[in-house]
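First up is the structure itself, then whatever we jot down about it.
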Amino acid sequence: MEQFAIDAQKREGHGRGAARAYRREGLIPGVVYGRGQTPTSIVVDARQFGAFLRHHGNLIDLKIEGETVPSGMAALLKDTQRDPLSRQVMSLDLQWVSMTEAVEVHVSVELVGEAVGVTRDGGSLDQVMHEIAISCLPGDIPDSLPVDISALEMGHSIHVRDLTPPPGVTIVAPADDSVVTISRPISAEQLEVHVEEAGAVDVVGEEKAEGAAEE
C-alpha cells in the first residue's frame, strides 16, 4: 500500500475547549504512539486528512514539525472519532508501525458482481461482514478485500474459509464466519403470520405483567 503524506504539528492545547478551537481553524487533534516512541499530541490539516480518507488507505507518511521519524516507520490509522450527526472527524488515533513487521488491521469487504440467487431467483442479499481482520506487512495492506458473489445461489453463503486473500496477506477472522448470504424472500403470508405471532407474544407478556402487578 502506498503511503499518503500528511504534515502534522505538535499540539499544545488540550481539553474540549482547545479541541474546538483547533477544529474552528480547520485542524483535527489527535495522538500518535507505539514502537517505543513517546506518545505525541498532534494536529493535522482537516482538508489534507480528508484527502487521505478519500485515498482509501490507512498508512501515513507522517511528518511532525520539529520531529525526526525513525527510518522504516510509518503511522497507521487506528481510529477516528466522528460527530454522530455531521460525521465530521473530531479526533484521530495513529500508531507507529515498522514497515518490516506484520500488523493486524481491518479492511473493508467489497462485493463484486451480481449474485444469481438475486438476479435469477429473486433472493435477498445479506452482507454479514463489512470489514474483515487481516495480518500482513504494512506495505501489503490492501485497500479492500474483493469477494466475487456472481455464482452465489439462493440459500447459499460465502464464508471466510472461501476467500482468497492477496499475496502476503493472512485472514485472521474465524474460518466459519459468514461474509455474505442469499436468503429466500419472505412471502406476504409468512410476514402476516410472523406479525400475528409477535402480537400474540406481546399480549401474553402484557397479561403476565398485569397479573404480577395485581399480586
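The values are calculated or read from the model by the stated rules, or taken from the named source; none is laboratory data. What you see is a predicted model, and the numbers here were worked out from it, not measured in a lab. Backbone-built Cβ (ideal geometry, glycine too); neighbour counts: all protein chains shown.
The single condition among (1) in contact (Cβ under 8 Å) with a residue 40 or more places away in the chain; (2) not assigned by TED's automatic domain parsing to the domain that holds Asp143 that Thr80 does not satisfy is (1).
Taking into account only those residues within region 172-189 that are part of a loop (DSSP other than H, G, I, E, B) and not hydrophobic (A, V, I, L, M, F, W, C), which is nearest to Ala74 (Cα to Cα)?
Quick first cut of region 172-189, residues part of a loop (DSSP other than H, G, I, E, B) only: 172-177, 184-187.
Narrowing further to those that are not hydrophobic (A, V, I, L, M, F, W, C): 174, 176-177, 184-185, 187.
On the way: Pro174: 28, Asp176: 33, Asp177: 31, Arg184: 46, Pro185: 47, Ser187: 53 Å.
Filtering region 172-189 for residues that are part of a loop (DSSP other than H, G, I, E, B) and not hydrophobic (A, V, I, L, M, F, W, C), the one nearest to Ala74 (Cα to Cα) comes out as Pro174.
Taking region 139-169 as the range and being touching a strand residue (DSSP E or B) at 6+ places or on another chain (Cβ under 8 Å) and touching a residue at least 40 places away in the same chain (Cβ under 8 Å) as the test, the residues that pass are Gly139, Ile141, Pro142, Asp143, Ser144.
Only a single item in (1) touching a residue at least 12 places away in the same chain (Cβ under 8 Å); (2) surrounded by fewer than 17 Cβ atoms within 10 Å (Cβ to Cβ) is not met by Arg24, and it is number (1).
When the residues of region 132-171 are filtered to those that are of a type in the set (Asp, Glu) and in a loop (DSSP other than H, G, I, E, B), the one that is modelled with the highest pLDDT is Glu153. Considering (1) surrounded by fewer than 14 Cβ atoms within 10 Å (Cβ to Cβ); (2) part of a strand (DSSP E or B); (3) touching a Lys or Arg at 6+ places or on another chain (Cβ under 9 Å), the lone condition that Leu94 does not fulfil carries the number (1).
Inspect all residues belonging to region 80-89 and state whether any of them is buried (at least 18 other Cβ atoms within 10 Å of the Cβ), out of contact with any Phe, Trp or Tyr (no Cβ under 6 Å at 6 or more places or on another chain) and not polar (S, T, N, Q). Yes.
Could you please tell me which pairs satisfy a Cβ distance under 6 Å, a separation of 6+ or placement on different chains, a first residue in region 50-67 that is modelled with pLDDT under 85, and a second residue that is outside any strand (DSSP E or B)? Going by the 6 Å Cβ cut-off, the qualifying pairs are His56/Asp143; Gly57/Met1. Do we have any residue at all in region 51-61 that's charged (D, E, K, R), touching a helix residue (DSSP H, G or I) at 6+ places or on another chain (Cβ under 9 Å) and within 20 Å of Val103 (Cα to Cα)? There is no residue in region 51-61 that is charged (D, E, K, R), touching a helix residue (DSSP H, G or I) at 6+ places or on another chain (Cβ under 9 Å) and within 20 Å of Val103 (Cα to Cα).
For region 35-49, enumerate the residues that are assigned to a strand (DSSP E or B) and modelled with pLDDT under 90.
To start, the set of residues in region 35-49 that are assigned to a strand (DSSP E or B) comprises 37-45.
Selection gives Gln37, Thr38.
When region 53-77 is filtered for residues that are under 14 Å from the mean Cα position of the chain (by Cα) and either more than 17 Å from Asp143 (Cβ to Cβ) or assigned to a loop (DSSP other than H, G, I, E, B) (or both), the ones remaining, listed by number, are His56, Gly57, Asn58. The set of residues in region 6-21 that are exposed (fewer than 15 other Cβ atoms within 10 Å of the Cβ) and in contact with a helix residue (DSSP H, G or I) (Cβ under 9 Å, 6 or more places away or on another chain) comprises Asp7, Glu12, Gly13.
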